[in-house]
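*Asks:* Take a look at this one; I'll ask things after.
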Amino acid sequence: MRKVVKMAVETGVVTRPYPFVAPEVPPGFRGRPKIDFNLCIGCGACASVCPPNAITVEEKDGFRRISLFTGRCIFCARCGEVCPEKAIKITEDFELSSDEKIDLYQILELKMVRCEICGRFFATERELKKVKEEIEKKGMEVEKLNLCPECREKVSAGLESLARR
Amino acid sequence: MMRSQIYSFLEVDPGSLRDKMKELVDAGARFSTSVAVDERPINSCFSHTYILFLKDRGYVLLTTKLSSEMPEHDTLTDIVPGVEWAEKEAMELVGIKIRGLPQKRKLILPENWPEDLHPLRKDFDYRYRPVEKADLEAEGLPIGPYHPALHEPESFRLYVRGEEIIDAEYVGFLVHRGVEKVAEGRLTYNQIPFIAERICGICGFIHSTLYCNAVERAAGIDVPERAKWIRSFMLELERIHSHLLLVGVVCHMAGFDTGFMHAWRLRENFMRLAERISGNRKTYGMNLVGGVRRDIDNIAALDFLKSSKKDIEEYVSMLMENRLLIRRCEGIGVLGRQDARKMCVVGPVARASGIDIDVRRDSPYEAYGELSFRVPVYMEGDVLSRVMVRLEEIKESISILEQIAGEMPKGPIMAETRDVPPLIRSIAAGEAPRGEDIHFVITGRDNKVYRWRVRSPTYNNLPALPLMLKGNLIADAPLIIGSIDPCFSCTDRCIVLKEGRRYRLEELVGRGRL
């Protein structure tokens, strides 16, 4: 009994009056991922590694739609890890409750480019801009950038007439 | 002693399975679990693999191939009574007919599940859900599935004479989530660690580690030394907070809430350390196939350990001084050594009943081959011994953490990525806080696993509960059940079910309940 009382007195009050005091969040805490709409090029790397399918990529009417739904997110931070543009930041926000479901969504629509030969939408404008920059950085000449991968292959193989069809 | 985890394969035809099993068991083999696989798409047959552990040979995978039309063989329950659950699971989920297996009730699938439908067969789509019908009828004295003293949905039927329990029956798998099916059906290699970690709400890291170990072995990936040490560090951290949780729960069930509060106060410090290291207090998210994602700051960890060691010692001496608690736990829920061996129990439950096993020492994985620690064993087999084993293990784990933080080699923490070859079998075993945990993997194509089987420690410990409950008082039942530290979500590998109806995530969000 003596030790119980001693421990109780020495310990004192441990419970913190949250939410009336600031929460303790250590640096490096994995909270809500945030998409920087200015940096995202819509490559979809995040969607392909996302374990719970919280990030989805859809293509419609010449736009690629990237959607991050925090309601499914498991806060593993894999999206931030694989993003080639550092467009996803892992924030320390964890107080995410809301009355409106739409508050849990981050949706970005990026304009896509048509293939010059077959006319199908195949990449976002920002993706192509990025590719162009990378190629120029290596001092190489930029060519056939506005062709979709299949048509580019045919043209490279000298089958341009086949591609035109 | 073996310095690394080894395993070997042994194939027999169904007719000689019993003889071979007998031979191995006579040679001292301990049964871990069994895995049934629908191999029709790859080998035009079914297979059933019994995983056994032999002190000098490591893990032995005793496989028998079964015909694709009539997959059946004789039961081994009379040789090792502990195989019953694993065999029932093979029968229900994969549809292997096991002759002579006592079949009173279904184990995993609901009683109203259609007879000829086996969810782990490859022709069963993971999105398919049969229509639900009537429920089980009640009998005996029910405890659960929702009971204030038990913290998860599980149900026991106690058969009593007055206050005395004369028999008990477990009705579980109420939260079977089909984790393995989702992993085989939809997830890629590096997504599975995150669902593996969510198999258990307490000791998730051991599951993601063992899953990664199994895939790494199949693919021949050399995990960097530092990553191994970091994994061991997180595993021991997990063991400490898991054991402190259980000690607290036992205090609570015994009516000593001060002990409960202090145990959880101390546990909180370890949770915070885990949060500082990994970015989250429970789902560390550290593991990927090939290594870990974050490094550890050794110095900060050492400082923390110094102060927490003293706290734990004070707490233990405070508990030991409390005669009420000791008397409440002493001599109840006894599991004798013979029974413990027969039922193939693992972990602290086995060690409290005089069985000296610990995967970390007997078949080392990660950095455990290079660490020194003691394995506490008690002979009494009662609730108190199970608590004492854990209290001593907490101290051992702190010493392991100090060794790791002091001696951890420098270097990279992630191996170079490489392709995983298809159709390779491998297993990984580890000592979870509740005992031996086994992951079995057959690698597949398209960056996915073909089969993944998880056997958590509670799966082996639960069947022994009726033996512990017999002869005790009803009032002690929750304490006895609690003392094996049962983890039902692990065991059930669990779909959100409520009032027989499945809520869609969108509905919950709409109601402001998420």
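*Asks:* Taking the residues in region A:151-165 that are in a helix (DSSP H, G or I), loosely packed, with under 14 Cβ neighbours inside 10 Å and not polar (S, T, N, Q) as candidates, determine which candidate is modelled with the lowest pLDDT. Can you show your working first?
*Replies:* Step one: filter region A:151-165 for residues in a helix (DSSP H, G or I), giving A:151-156, A:160-164.
The next check asks that each one be loosely packed, with under 14 Cβ neighbours inside 10 Å; those that pass are A:153, A:156, A:160-162, A:164.
Keeping just the survivors that are not polar (S, T, N, Q) gives A:153, A:160, A:162, A:164.
Details: A:GLU153: 87, A:GLU160: 68, A:LEU162: 66, A:ARG164: 61.
Applying the filter and picking the extreme gives A:ARG164.
*Asks:* Hey, another quick one. How many residues are surrounded by 13 or more Cβ atoms within 10 Å (Cβ to Cβ), of a type in the set (Val, Ile, Thr) and out of contact with any strand residue (DSSP E or B) (no Cβ under 7 Å at 6 or more places or on another chain) if we restrict to region A:73-125?
*Replies:* Summing the residues that are surrounded by 13 or more Cβ atoms within 10 Å (Cβ to Cβ), of a type in the set (Val, Ile, Thr) and out of contact with any strand residue (DSSP E or B) (no Cβ under 7 Å at 6 or more places or on another chain) in region A:73-125 gives 3.
*Asks:* Within the bounds of region A:26-45, is there any residue that is under 22 Å from B:ASP295 (Cα atoms), in contact with a Lys or Arg (Cβ under 8 Å, 6 or more places away or on another chain) and buried (at least 18 other Cβ atoms within 10 Å of the Cβ)?
*Replies:* yes
*Asks:* Could you go through region B:322-336 and let me know if any residue there is within 12 Å of chain A (Cβ to nearest Cβ) and surrounded by fewer than 15 Cβ atoms within 10 Å (Cβ to Cβ).
*Replies:* Looking through region B:322-336, at least one residue is within 12 Å of chain A (Cβ to nearest Cβ) and surrounded by fewer than 15 Cβ atoms within 10 Å (Cβ to Cβ).
*Asks:* Can you work out which of the residues in region A:61-81 that are at the interface with another protein chain (Cβ under 10 Å from one of its Cβ atoms) and among the hydrophobic types (A, V, I, L, M, F, W, C) is nearest to A:ARG120 (Cα to Cα)?
*Replies:* A:PHE69
*Asks:* Can you find a residue in region A:62-78 that is modelled with pLDDT of 90 or more, over 13 Å from the mean Cα position of the chain (by Cα) and on the phi > 0 side of the Ramachandran plot?
*Replies:* Within region A:62-78, one or more residues are modelled with pLDDT of 90 or more, over 13 Å from the mean Cα position of the chain (by Cα) and on the phi > 0 side of the Ramachandran plot.
*Asks:* Residue under question is B:GLY201, and the condition is that it be more than 21 Å from B:ASP125 (Cα to Cα), within 14 Å of another protein chain (Cβ to nearest Cβ) and modelled with pLDDT under 90; does it hold? Walk me through how you get there before you give the answer.
*Replies:* Working: more than 21 Å from B:ASP125 (Cα to Cα): yes; within 14 Å of another protein chain (Cβ to nearest Cβ): yes; modelled with pLDDT under 90: yes.
Here the answer is yes, as B:GLY201 does meet what is asked.
*Asks:* Pick out the one residue from B:TYR315, B:TYR284 that is out of contact with any His (no Cβ under 8 Å at 6 or more places or on another chain) and among the hydroxyl-bearing types (Ser, Thr, Tyr).
*Replies:* Selected residue: B:TYR284, the only one of B:TYR315, B:TYR284 that is out of contact with any His (no Cβ under 8 Å at 6 or more places or on another chain) and among the hydroxyl-bearing types (Ser, Thr, Tyr).
*Asks:* Go through region A:12-52 and report how many residues are away from chain B (no Cβ under 11 Å), aliphatic (A, V, I, L, M) and within 30 Å of A:PHE121 (Cα to Cα).
*Replies:* Residues in region A:12-52 being away from chain B (no Cβ under 11 Å), aliphatic (A, V, I, L, M) and within 30 Å of A:PHE121 (Cα to Cα): 5 in total.
*Asks:* Still on this structure: In a strand (DSSP E or B), more than 20 Å from the chain's Cα centre (by Cα) and at pLDDT 90 or above: which single residue out of B:PHE46, B:PHE53, B:PHE31 fits that description?
*Replies:* Values: B:PHE53 fails: more than 20 Å from the chain's Cα centre (by Cα); B:PHE31 fails: more than 20 Å from the chain's Cα centre (by Cα).
The conditions single out B:PHE46.
*Asks:* Here's a follow-up. Within region A:103-123, which residues are over 30 Å from A:VAL155 (Cα atoms), of a type outside the set (D, E, K, R) and more than 10 Å from every other protein chain (Cβ to nearest Cβ)? Step through it out loud before you land on a result.
*Replies:* Of region A:103-123, the ones over 30 Å from A:VAL155 (Cα atoms) are A:103-109.
Right, trim to of a type outside the set (D, E, K, R) and you get A:104-108.
Within region A:103-123, A:TYR105, A:GLN106, A:ILE107, A:LEU108 qualify.
*Asks:* Scan region B:150-192 for residues that are in contact with a helix residue (DSSP H, G or I) (Cβ under 9 Å, 6 or more places away or on another chain) and assigned to a strand (DSSP E or B) and report the count.
*Replies:* 9
*Asks:* Against the conditions (1) polar (S, T, N, Q); (2) assigned to a helix (DSSP H, G or I); (3) within 30 Å of B:TRP264 (Cβ to Cβ), where does A:SER48 fall short? Just the number, please.
*Replies:* (3)
*Asks:* Then there's this: Test B:MET261 against the criterion of being touching a Lys or Arg at 6+ places or on another chain (Cβ under 9 Å), farther than 30 Å from B:LYS448 by Cα and within 13 Å of chain A (Cβ to nearest Cβ), and give yes or no.
*Replies:* No; evaluated as a whole, the condition is false for this residue.
*Asks:* For A:PRO33, all conditions in the list (1) touching a strand residue (DSSP E or B) at 6+ places or on another chain (Cβ under 6 Å); (2) over 30 Å from B:ARG272 (Cβ atoms) hold save one; what is the number of the exception?
*Replies:* So A:PRO33 meets the others, but not (2).
*Asks:* Next question. With the requirement that a residue be of a type in the set (Asp, Glu) and more than 10 Å from every other protein chain (Cβ to nearest Cβ), what does region B:275-310 give you? Even if it seems obvious, please write down each step before you answer.
*Replies:* Going through region B:275-310, the residues of a type in the set (Asp, Glu) turn out to be B:275, B:295, B:297, B:303.
B:ASP295, B:ASP297, B:ASP303 - these are the residues of region B:275-310 that are of a type in the set (Asp, Glu) and more than 10 Å from every other protein chain (Cβ to nearest Cβ).
*Asks:* Residue check: is B:ARG451 in contact with a Leu (Cβ under 9 Å, 6 or more places away or on another chain), part of a helix (DSSP H, G or I) and not β-branched (Val, Ile, Thr)?
*Replies:* So B:ARG451 fails the test.
*Asks:* So if I check each of B:GLU407, B:GLU431, which one is surrounded by fewer than 21 Cβ atoms within 10 Å (Cβ to Cβ) and in the same structural domain as B:GLU197 (by TED's automatic domain parsing)?
*Replies:* B:GLU407
*Asks:* Have a look at A:THR56, A:THR70 and point out the one that is under 24 Å from B:GLU184 (Cα atoms) and touching a strand residue (DSSP E or B) at 6+ places or on another chain (Cβ under 8 Å). Even if it seems obvious, please write down each step before you answer.
*Replies:* Details: A:THR70 fails: under 24 Å from B:GLU184 (Cα atoms).
Being under 24 Å from B:GLU184 (Cα atoms) and touching a strand residue (DSSP E or B) at 6+ places or on another chain (Cβ under 8 Å) holds for just one of A:THR56, A:THR70, which is A:THR56.
*Asks:* Being touching a Phe, Trp or Tyr at 6+ places or on another chain (Cβ under 7 Å) and within 14 Å of chain A (Cβ to nearest Cβ) is the filter here, so list the residues in region B:175-185 that pass it.
*Replies:* B:VAL182, B:ALA183, B:GLY185
*Asks:* Further, regarding this structure: What strands (runs of 3 or more DSSP E), lying completely within region A:58-150, carry at least 2 residues that are in the same structural domain as A:LYS34 (by TED's automatic domain parsing)?
*Replies:* Passing ranges, in order: A:63-69, A:88-90, A:105-114.
*Asks:* Hey, another quick one. Looking only at region B:301-343, how many residues end up being within 24 Å of B:ALA464 (Cβ to Cβ), assigned to a loop (DSSP other than H, G, I, E, B) and not acidic (Asp, Glu)?
*Replies:* 7
*Asks:* Are any of the residues in region B:197-211 of a type in the set (S, T, N, Q) and within 30 Å of B:MET388 (Cα to Cα)?
*Replies:* yes
The values are calculated or read from the model by the stated rules, or taken from the named source; none is laboratory data. If you're wondering where the values come from, they're calculated on a predicted model, not measured in any experiment. Positions of Cβ are generated from backbone atoms using ideal geometry, with glycine treated the same way; all protein chains shown enter the neighbour counts.
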